[in-house]
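The values are calculated or read from the model by the stated rules, or taken from the named source; none is laboratory data. All of these numbers come straight from a predicted model, not from anything done at the bench. With ideal geometry, Cβ positions are generated from the backbone for all residues, glycine too; neighbour counts draw on all protein chains shown.
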Amino acid sequence: MEAKKIPEVILSSGQKMPVIGLGTAAIPPPPHEALTSILIDAFEVGYKHFDTASLYETEEPLGKAVAKALELGLIKSRDEVFITSKLWTTDAHPDLVVPSLKTSLQKLGLEYVDLYLIHWPLRMKPEAKGYHNILKENVIPSFDMKGTWEAMEECFRLGLAKSIGVSNFGIKKLTQLLENATIPPAVNQVEMSPAWQQGKLREFCKQKGIHVSAWSPLGAYKTSYGTNTVMESPILKEIACARQKSTAQIALRWIYEQGTIAIVRSFNKERMKQNLDIFDWELSEEESQKFSEIPQHRTYHGVCFVSENGPYKTLEELWDGDP
Ligand SMILES: NC(=O)c1ccc[n+]([C@@H]2O[C@H](COP(=O)([O-])OP(=O)(O)OC[C@H]3O[C@@H](n4cnc5c(N)ncnc54)[C@H](OP(=O)(O)O)[C@@H]3O)[C@@H](O)[C@H]2O)c1
């Protein structure tokens, strides 16, 4: 049976982006071969949008899965797939952006990514690569946002990225970026879920024509950095039970109804399928209203990005004081 088509949004670049993408971040990442096989499962159940980053060490297995999906006829051409990758903080320097994307493309075995994002609005020492180096002492005092964005624009002009954007930018930082940008960011990828709704930031992005994509839409359930605030929410569980849906489906459907793109990670074929099965039903007005009662908490605070020597001395500064 052919997989159902996932709805798409049109980005300010004119590119179409499927509203659900499969996340690939896991700590530790699965062995490459195992991940390639998991990602083939994702193609089989209908995913066309994949989220990777140089940090995640998942670019190579994703590239192999794309090649295999073509070979197996799961997709007819590379153009049918939407691939996002991200510039890690160690390379968030004007001179390092294009080379870093070229390295990502080499790992992916692709000519271009569909979307390239600045992963975080800060810079770390170039040698401090990998998850284990995400430490306060590796954050560099200044972040050249203007110069780094100009290099992102160069990636677009060179045809290496069809769209460019940012991740983890609050309103103040987006405002600053927009003041200097020739090409506005198409996407801001931030934590967003029923338990961290980001209403103010989403409204700002909407006004500026920036699409929001939601990371950890299920609160990174059962991961080393996650919470159960989404999946164990009594409100979501009650709606799920009444509607005979899973809690994950209720959360993802709500995100979709907010006009936000969900980047959800499952490495289990059944749950991958379940997470896509949200497009032929809707939440009632009464159910939607209940979401305003869900307690609000971030899953990931980014404490290691806040330091006396870095550009952000407090969490308020890191997150632009957004609730
Ligand atoms: N830009 C950034 O700074 C940033 C930060 C964090 C994440 N991200 C991206 O966003 C993606 C998603 O976020 P995330 O991985 O942190 O968290 P998430 O998608 O909210 O949650 C992932 C967890 O939920 C479980 N899960 C998925 N579907 C489920 C279902 N239907 N029922 C029960 N459990 C389910 C998964 O387990 P199973 O695999 O066992 O199903 C996994 O443990 C990442 O993989 C990454 O690509 C970006």
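Observations on the structure shown:
- Flag for Thr223 being surrounded by 21 or more Cβ atoms within 10 Å (Cβ to Cβ), in contact (Cβ under 8 Å) with a residue 24 or more places away in the chain and either under 22 Å from the mean Cα position of the chain (by Cα) or more than 10 Å from the ligand (Cβ to nearest atom) (or both): no
- Taking each residue of region 204-218 that is closer than 14 Å to Asp320 by Cβ and looking for partners that are within 15 Å of the ligand (Cβ to nearest atom) and part of a strand (DSSP E or B) with beta-carbon atoms closer than 8 Å, six or more apart or interchain, yields Cys205/Asn188; Cys205/His211; Cys205/Val212.
- Matching residues, region 7-35, being closer than 25 Å to Ser163 by Cα, away from the ligand (no atom under 12 Å from the Cβ) and either assigned to a helix (DSSP H, G or I) or not hydrophobic (A, V, I, L, M, F, W, C) (or both): Pro7, Glu8, Ser12, Ser13, Gly14, Gln15, Lys16, Pro18
- Every listed requirement among (1) closer than 26 Å to Val45 by Cα; (2) surrounded by fewer than 23 Cβ atoms within 10 Å (Cβ to Cβ); (3) away from the ligand (no atom under 13 Å from the Cβ); (4) of a type outside the set (Gly, Ala, Ser) is met by Phe204 save one, (1).
- Residue in region 102-117 that is over 20 Å from His211 (Cβ atoms) and among the basic types (Lys, Arg) present: yes
- In this structure, Lys290 does not qualify as touching a helix residue (DSSP H, G or I) at 6+ places or on another chain (Cβ under 8 Å) and within 13 Å of the ligand (Cβ to nearest atom).
- Candidates are the residues of region 258-278 that are of a type in the set (Lys, Arg) and not in a loop (DSSP other than H, G, I, E, B); the one that is nearest to the ligand (Cβ to nearest atom) is Arg271.
- Condition check for Ile255: among the aliphatic types (A, V, I, L, M), buried (at least 22 other Cβ atoms within 10 Å of the Cβ), within 16 Å of the ligand (Cβ to nearest atom) and in a helix (DSSP H, G or I): yes
- Filter result for Ile255 (in contact (Cβ under 8 Å) with a residue 40 or more places away in the chain and over 25 Å from Lys48 (Cα atoms)): no
- Pick from region 258-299, criterion among the small types (Gly, Ala, Ser) and in contact (Cβ under 8 Å) with a residue 40 or more places away in the chain, ranking: farthest from Gln207 (Cα to Cα): Ser266
- Figure legend. Inter-residue proximity from region 1-29: first residues under 30 Å from Gly130 (Cβ atoms), second residues part of a loop (DSSP other than H, G, I, E, B) and modelled with pLDDT under 95, beta-carbon distance below 7 Å, spacing 6+ or different chains. Indicated pairs: Ile27/Ser224.
- Subset of region 304-316 that is closer than 24 Å to Arg202 by Cβ and touching a helix residue (DSSP H, G or I) at 6+ places or on another chain (Cβ under 9 Å) - its residue that is surrounded by the most Cβ atoms within 10 Å (Cβ to Cβ): Phe305
- The combined condition, being closer than 30 Å to Trp281 by Cα, within 16 Å of the ligand (Cβ to nearest atom), of a type outside the set (A, V, I, L, M) and free of Cβ contacts under 8 Å to residues at least 60 places away in the same chain, is fulfilled by Lys48.
- Residues within region 229-238 that are exposed (fewer than 14 other Cβ atoms within 10 Å of the Cβ) and either within 10 Å of the ligand (Cβ to nearest atom) or among the aliphatic types (A, V, I, L, M) (or both), tallied: 0
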